[in-house]
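Novice: Pasting in a structure now, in structure tokens, and then I'll have a few things to ask.
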Amino acid sequence: MTNSLLLSNYLGKPENDLKFIHVAGTNGKGSTSHLLASALQEAGYKVGLYTSPHLKDFRERIKIISPEVSGEITEEFVCEFIEKHINFFKENELSFFEMTVGLAFEYFKKEKIDIAIIEVGLGGRLDSTNIITPLISVITNIGKDHVQFLGNTLEAIANEKAGIIKNNIPVVIGEYNNETKPVFLAKANSTHSAIYFASDTIVEEYPSDLKGNYQISNKKTAIQTLRIVNTIPGFEVSETAIKNGFLKVGKNTGLQGRWQQLSSVPKTICDTAHNKHGLEIVLNQLEKEEFNTLHFVFGVVNDKELNEILPLFPKN
């Protein structure tokens, strides 16, 4: 995080001129971030959306979502930013992700957004995005992933994710279990942060164009977060805006790869689940599909625990 602070100071601390919602978690960060952005857009706000990784084009990571004009960061802005600051990046050996975070904050400041939804890259406590002080912190869930960086127990991973909880800033927890809840409670108590467990709340089921079964939890997390947004002076997100936003996530934000049907003949589904926690839910939903012959194309990077993942797949 030292390099992120270094870059922030060099750029004039653009994050100080922005309002944020900070989103961490093992799975569901992208969906929850896009649900929030879509609802806020429907409420009339200009939203900056920073997520990772991208599927096809780097510019997917940095978007403006607004009632007037929405879209990805321009190629021109990316190129000019790198060309202008390339010597600083090289001299200080900044990582790809560190440069990208600085680029996002600079772009959002230039675009004069109303609020930015910032997705953590890895973990939370030491993540490049964790130089911000958000209006709300959000932790979607905890599962085993990136264990070489975050630890190999759920408590250890929860402790890293809980690093985004800031003093006197409310935090929303999407899902928890007996191992992770005490970690979140202890951290929130130490920072005097109001804590909300979204999975314990009873909310109306809002239909969405995001069709994966796992979106039920993500929608609850987003709704609880938006309820807190409504307590912040200057923000108002109506029930109508939430409902319309959830119905038009794909149209409003361009989100792809979440139980997304690419074709009907043959029926082709793509999903970005890539760890045990995410794949268990996706494969459970797959069992409810009707098919004669099922084919898989599956890809991961080399830090995944294949001995935990591969047994999840059908044996026949």
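The values are calculated or read from the model by the stated rules, or taken from the named source; none is laboratory data. Owing to the predicted nature of the structure, the values given are computational and were not obtained by experimental measurement. Positions of Cβ are backbone-derived with ideal geometry, glycine not excepted, and every protein chain shown enters the neighbour counts. We work out accessible area using only protein heavy atoms, side chains counted, and drop any ligands, DNA or RNA first. Shrake-Rupley method; radii C 1.70, N 1.55, O 1.52, S 1.80 Å.
Novice: Which condition from (1) part of a loop (DSSP other than H, G, I, E, B); (2) among the charged types (D, E, K, R); (3) open to solvent by less than 50 Å² (accessible area, probe 1.4 Å); (4) modelled with pLDDT under 95 is the one that LYS211 breaks?
Specialist: Here LYS211 clears every test but (3).
Novice: Is it the case that some residue within region 133-144 is of a type in the set (A, V, I, L, M, F, W, C), in a helix (DSSP H, G or I), buried (at least 20 other Cβ atoms within 10 Å of the Cβ) and on the phi < 0 side of the Ramachandran plot?
Specialist: So far as region 133-144 goes, no, none of its residues is of a type in the set (A, V, I, L, M, F, W, C), in a helix (DSSP H, G or I), buried (at least 20 other Cβ atoms within 10 Å of the Cβ) and on the phi < 0 side of the Ramachandran plot.
Novice: Can you tell which of ALA273, ALA198, ALA222 is in contact with a strand residue (DSSP E or B) (Cβ under 8 Å, 6 or more places away or on another chain), closer than 15 Å to THR140 by Cα and in contact (Cβ under 8 Å) with a residue 12 or more places away in the chain?
Specialist: Just a single option satisfies the conditions, and that option is ALA198.
Every residue, every condition in (1) of a type in the set (Val, Ile, Thr); (2) within 22 Å of HIS274 (Cβ to Cβ), yes or no:
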{"position": "PHE20", "(1), (2)": "no, no"}
{"position": "HIS34", "(1), (2)": "no, yes"}
{"position": "ALA39", "(1), (2)": "no, no"}
{"position": "ASP57", "(1), (2)": "no, yes"}
{"position": "THR74", "(1), (2)": "yes, no"}
{"position": "GLU91", "(1), (2)": "no, no"}
{"position": "PHE96", "(1), (2)": "no, yes"}
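Table: residues versus (1) assigned to a helix (DSSP H, G or I); (2) open to solvent by less than 20 Å² (accessible area, probe 1.4 Å).
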residue: SER4; (1), (2): yes, yes
residue: ASN16; (1), (2): yes, no
residue: ALA37; (1), (2): yes, yes
residue: GLY48; (1), (2): no, yes
residue: HIS54; (1), (2): no, no
residue: GLU76; (1), (2): yes, no
residue: ILE82; (1), (2): yes, no
residue: LYS90; (1), (2): yes, no
residue: MET99; (1), (2): yes, no
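Novice: Restricting attention to region 157-169, does a residue exist that is at pLDDT below 95, open to solvent by 10 Å² or more (accessible area, probe 1.4 Å) and touching an Asp or Glu at 6+ places or on another chain (Cβ under 6 Å)?
Specialist: no
Novice: If you don't mind, another one. From the list GLU205, GLU179, which one is under 23 Å from THR231 (Cα atoms) and either acidic (Asp, Glu) or surrounded by 15 or more Cβ atoms within 10 Å (Cβ to Cβ) (or both)?
Specialist: So the residue among GLU205, GLU179 that is under 23 Å from THR231 (Cα atoms) and either acidic (Asp, Glu) or surrounded by 15 or more Cβ atoms within 10 Å (Cβ to Cβ) (or both) is GLU205.
Novice: Within region 266-283, can you find the residues that are open to solvent by 50 Å² or more (accessible area, probe 1.4 Å), modelled with pLDDT of 90 or more and of a type in the set (A, V, I, L, M, F, W, C)?
Specialist: Residue satisfying the conditions is ILE269 alone.
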